[in-house]
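The values are calculated or read from the model by the stated rules, or taken from the named source; none is laboratory data. Quick caveat, the model's predicted, so the values are computed rather than measured. Note that each Cβ is placed from the backbone with ideal geometry, even for glycine, and that neighbours are counted across all protein chains shown. Side chains are part of the model used for accessible areas, which takes the heavy atoms of the whole protein and leaves out ligands, DNA and RNA. Shrake-Rupley method; radii C 1.70, N 1.55, O 1.52, S 1.80 Å.
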Amino acid sequence: MTSSDRDDATDAAAQMWLVRMRGEDADLLRSEFEAWHDASPEHRAAYHRAGELLAQSAVLKGSGRYGPARARSPARPQTPARSRPWTRQWLMTGALAATAAMLFVAFNAGGTTLSSPYGNNPMAAWAAEPLVTKHGEIRRFHLDDGSVATLDTDSRLEVAMGPDARLVRLVKGRARLQISDDARPFRIEAGAGVVTASQALLDIARGADGMIAVTLAKGGASIEAADAHRGPRQQLQLVAGNALGYRANAPVLSLEARPAAQGMSDWPSGWAEYRVIRLDQLVAQANRYAAVPIIIKDPAIARLEASGRFRISQTDSFIKRLSGLFGLVAERRADGIYLRSR
């Protein structure tokens, strides 16, 4: 290996570390990063160069990229200084404009052990802002390629569009993706897995229990491990109407069949329809949107079974419907809305 090759490999590794240490796995990788960073002056210098390169290569877009529903995040300048607190987010920089935010995505690190399944560009930077919904919100976003992303309450989706691939990353919550036809593959990263599609309609959710659930409604899609170095690379074709799940932080992708989310196929409209569901389970769904929790203290009420279509995203109308169906009284207190018998 020539001196030039070694320099290129060191720069590529530095660029990848710059991204990884501002990603959601930063805490897990910190010891490994510090060992690499402190191994030589060349490593430290390369890391500094990577930070400068990022600032110089920033491409800033206007705030209309995703249409009127676009989420905004305040830009904050980032530097490669080791004293800066680590953040669990993709790298954001506002070096050129206080109102712009840039999502920095690094792909293959060109000959180093740091790599990913998304191509061979060691440092691809695209302008983007994370798509975010607040508690109680359901919002629809139009992407540059013609695709549409609908985000459920308390969700975050990070987006990058490049010349060879379309990439989104589900950080939390749930998204319905209506993927437009395009020569570039559309890749959805969520924990240990990556879903790839060209034209499809699918739901992907990251649960509070650490499980990822993927349901294909129509079109074609496949799933594979996000880390291409963990065993042989295998793709599994998804079947429309079937749901698959896996643990987000699993060292090896292990898929399992999961029951489809009962009654939730129409969740982007805020409605849920059930043939039979316990009242406490129905209230738990509604609490995902409620500003204050709906509380059932009486086990007899919790065991009641409901059927029908409910607007679970609208707390007041939901409570009015339950009260009318079961003869309940809603008592509003500082810590929540209590449902009790009359």
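Can you list residue pairs whose Cβ atoms sit under 7 Å apart, with the first residue in region 203-220 being under 12 Å from ARG174 (Cα atoms) and the second being open to solvent by less than 30 Å² (accessible area, probe 1.4 Å) and of a type in the set (Phe, Trp, Tyr)? Count only pairs 6 or more apart in sequence or on different chains.
From residues that are under 12 Å from ARG174 (Cα atoms), the pairs are ILE212/TYR246.
Report those strands (runs of 3 or more DSSP E) wholly inside region 165-280 carrying at least 3 residues which are polar (S, T, N, Q).
Filter on region 165-280 gives 193-206.
Taking region 320-339, which residues are more than 16 Å from ARG303 (Cα to Cα) and not charged (D, E, K, R)?
GLY324, VAL329, ALA330, ALA334, GLY336, ILE337
Taking region 175-199 on its own, how many of its residues are under 24 Å from GLY210 (Cβ atoms) and open to solvent by 10 Å² or more (accessible area, probe 1.4 Å)?
Residues flagged as under 24 Å from GLY210 (Cβ atoms) and open to solvent by 10 Å² or more (accessible area, probe 1.4 Å) within region 175-199 amount to 6.
Keeping to region 149-166, report how many residues are open to solvent by less than 10 Å² (accessible area, probe 1.4 Å) and under 15 Å from the mean Cα position of the chain (by Cα).
Here the count works out to 10.
Considering only residues of region 287-342 that are open to solvent by 70 Å² or more (accessible area, probe 1.4 Å) and assigned to a helix (DSSP H, G or I), which is nearest to LYS134 (Cα to Cα)?
Restricting to residues being open to solvent by 70 Å² or more (accessible area, probe 1.4 Å) and assigned to a helix (DSSP H, G or I), the top hit is ASP316.
Listed residues PRO232, PRO163, PRO251; which is at pLDDT below 95 and farther than 25 Å from LEU28 by Cα?
Exactly one of PRO232, PRO163, PRO251 is at pLDDT below 95 and farther than 25 Å from LEU28 by Cα, namely PRO163.
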